[in-house]
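J.: Dropping a structure here in structure tokens format, bear with me for questions.
The values are calculated or read from the model by the stated rules, or taken from the named source; none is laboratory data. Computed from a predicted structure; not experimentally measured. Backbone-built Cβ (ideal geometry, glycine too); neighbour counts: all protein chains shown. Areas reflect the complete protein model, heavy atoms only, side chains present, ligands, DNA and RNA absent. Shrake-Rupley method; radii C 1.70, N 1.55, O 1.52, S 1.80 Å.
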Amino acid sequence: MLDPAFVRDHLDEVEALLRVRGLAMELEPLRALDRERRQLTRQADELKQRRNRISEQIGAFQRQLKSETAGTEPLQAEAIQQEREKLQAESRAVGANIQALDERLQALEQALEPLLQTLPNRPHRSVPAGGSAAENLEVRRWGEPRPFDFDPRPHWELGAALGILDLEAAARISGARFAVYRGAGARLERALANFMLDLHTQRHGYTEILPPSLVSGASLFGTGQLPKFEADLFRCRDDDLWLIPTAEVPLTNLFAGRVLEESALPVSVTAYTPCFRREAGSYGKDVRGLIRQHQFQKVELVKISAPENSYDHLEKLTRDAAAVLEALALPYRVMALCTGDLGFSAAKTYDLEVWLPGQQAYREISSCSNFEDFQARRANIRCRPPGRGKTRLAHTLNGSGLAIGRTWIAVVENYQQPDGSVLIPEVLRPYMGGLERIEAAAPAAS
């Protein structure tokens, strides 16, 4: 969430931010509430000053009565007492007005809160301007797409022919946008997850976490999924529990409400979890295969950083995710998302896009983002500088390291052979029990 003080004091800048992001949001309700808040705050401050002056006058009368009781005429003392009582009555009336104003101000703050929650993060100054994904900026490429001397097939055809992917069975069990992996296909999914976790924990310095797959609404609010993206989430009917759309949610919320010593930062954690998304609004897109599923598996990377070096950690996190693709010898490119394609909570994002020969296109396989203090303000994640100084909001970062299903697609499509078999990348063979090739099972003897 943006700093409420910043929003209230820079509404014109916030409007410009929304335009840069290509969002048409009406800020007049927020502006009207803020005008009333400012007016009431001035009135309350004036009344509090008046109450302070009255208190000083009452105190002066009190001292006068005490010091002059012996030599004061009864009528004079009575006059002083009456004046004091009048001031006391006025003080009570002023206090009642202050209380009424404070209650109204509290109600205004509560009304402002949901409006503030709908405002996206500010893009970092290095984010390219643009209105859509077409204006994202390519940063670099790695690897060259393999030349094929045959027409490469998409993964859904290869998987079905090899008997390792059964989308029809998944549709019978659960409906559209689910998958059943079989045999070597299931083992390949597991091998990818284990390989990624080993790489990130043993070479990149992440601590492995096994978090819950159900989280509270407060946790989803902390990372920015609620209230804006409620339609994309699966919720338990009888509880305030939601299926996680990504391990980013439980991993980031491990640190909610905590103060971390900056000398111990960055914190780097990783997890392999199932992820669940309704994909509301995506129907008609990627209806075939595994690109867009209601349930998929992912290895997630999360970092908590001090503000000064969070962008250095974004570069490292992106390299950590890309190292998986390089180890698998999968060609990819890195895209800096433009302002119009940036996620709600992100200040800057790099997308890793892997080459899929069966689709003749680069497709997203990881998004690596710096949220600066946007999530930390919502989840109350703070850090303390050395010397036990005043605490401040930390910066949070996350990225897919990688999406398992999309990596499965990339391996199957890039390593397919003319006979329809799929070679196993060398780094995965120890995780596949030494298997070097996935081939169609021989037909059973009659």
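Okay, residues lined up against (1) in contact with a Leu (Cβ under 6 Å, 6 or more places away or on another chain); (2) charged (D, E, K, R):
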{"residue": "GLU315", "(1), (2)": "no, yes"}
{"residue": "THR318", "(1), (2)": "no, no"}
{"residue": "GLU326", "(1), (2)": "no, yes"}
{"residue": "ALA336", "(1), (2)": "yes, no"}
{"residue": "ALA347", "(1), (2)": "no, no"}
{"residue": "TYR362", "(1), (2)": "no, no"}
{"residue": "SER367", "(1), (2)": "no, no"}
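J.: Continuing with this model, one more query. Which of the residues that make up the stretch 374-401 are open to solvent by 10 Å² or more (accessible area, probe 1.4 Å), part of a loop (DSSP other than H, G, I, E, B) and modelled with pLDDT of 95 or more?
T.: Result: ASN380, THR391.
J.: Okay, next question. Test of understanding: among THR201, THR223, which residue is closer than 21 Å to LEU301 by Cα and open to solvent by 20 Å² or more (accessible area, probe 1.4 Å)?
T.: Residue meeting the stated conditions: THR201.
J.: Next question, about the same structure. Taking the stretch 110-139, which residues are open to solvent by 90 Å² or more (accessible area, probe 1.4 Å), closer than 17 Å to SER369 by Cα and over 21 Å from the mean Cα position of the chain (by Cα)?
T.: Result: LEU137, single match.
J.: Return the pair list, or none, for Cβ contacts closer than 6 Å from residues in the stretch 234-252 that are free of Cβ contacts under 8 Å to residues at least 60 places away in the same chain to residues that are hydroxyl-bearing (Ser, Thr, Tyr) and open to solvent by less than 10 Å² (accessible area, probe 1.4 Å), at least 6 apart or on different chains.
T.: ALA247/THR273; VAL249/THR223
J.: Would you mind telling me which numbered condition in (1) in contact with a Ser or Thr (Cβ under 7 Å, 6 or more places away or on another chain); (2) on the phi > 0 side of the Ramachandran plot; (3) charged (D, E, K, R) ASP286 fails?
T.: Result: ASP286 fails condition (1) only.
J.: Hey, another quick one. Which of the residues belonging to the stretch 226-241 are surrounded by 17 or more Cβ atoms within 10 Å (Cβ to Cβ) and touching a Phe, Trp or Tyr at 6+ places or on another chain (Cβ under 7 Å)?
T.: LEU233
J.: Go through the stretch 240-286 and report how many residues are among the acidic types (Asp, Glu) and either modelled with pLDDT of 95 or more or under 18 Å from VAL299 (Cβ atoms) (or both).
T.: 3
J.: Search the stretch 19-59 for residues being of a type in the set (A, V, I, L, M, F, W, C) and assigned to a loop (DSSP other than H, G, I, E, B), and hand back the single one that is nearest to the chain's Cα centre (by Cα).
T.: If we take residues in the stretch 19-59 being of a type in the set (A, V, I, L, M, F, W, C) and assigned to a loop (DSSP other than H, G, I, E, B), then LEU23 is nearest to the chain's Cα centre (by Cα).
J.: Something else now. Within the stretch 315-358, track down each residue that is basic (Lys, Arg) and out of contact with any helix residue (DSSP H, G or I) (no Cβ under 9 Å at 6 or more places or on another chain).
T.: LYS316, ARG319, ARG333
J.: Is it fair to say ALA79 is surrounded by fewer than 12 Cβ atoms within 10 Å (Cβ to Cβ) and in a helix (DSSP H, G or I)?
T.: In short, no.
J.: Restricting to the stretch 267-320, count the residues that are under 29 Å from HIS124 (Cα atoms), free of Cβ contacts under 8 Å to residues at least 60 places away in the same chain and assigned to a loop (DSSP other than H, G, I, E, B).
T.: The total comes to 4.
J.: Continuing with the same structure: Out of all the residues in the stretch 170-191, is one or more open to solvent by less than 30 Å² (accessible area, probe 1.4 Å) and assigned to a loop (DSSP other than H, G, I, E, B)?
T.: yes
J.: Scan the strands (runs of 3 or more DSSP E) fully inside the stretch 330-373 and keep the ones with 3 or more residues being crowded, with 23+ Cβ neighbours inside 10 Å and in contact with a Ser or Thr (Cβ under 9 Å, 6 or more places away or on another chain).
T.: 348-356, 361-370
J.: Looking at the stretch 60-70, is at least one residue assigned to a helix (DSSP H, G or I), open to solvent by less than 50 Å² (accessible area, probe 1.4 Å) and in contact (Cβ under 8 Å) with a residue 40 or more places away in the chain?
T.: Taking every residue of the stretch 60-70 in turn, none turns out to be assigned to a helix (DSSP H, G or I), open to solvent by less than 50 Å² (accessible area, probe 1.4 Å) and in contact (Cβ under 8 Å) with a residue 40 or more places away in the chain.
J.: Right, next: Quick one: count up the residues across the stretch 125-169 that are free of Cβ contacts under 8 Å to residues at least 40 places away in the same chain, more than 26 Å from GLU439 (Cβ to Cβ) and in a loop (DSSP other than H, G, I, E, B).
T.: Adding up the residues that qualify gives 1.
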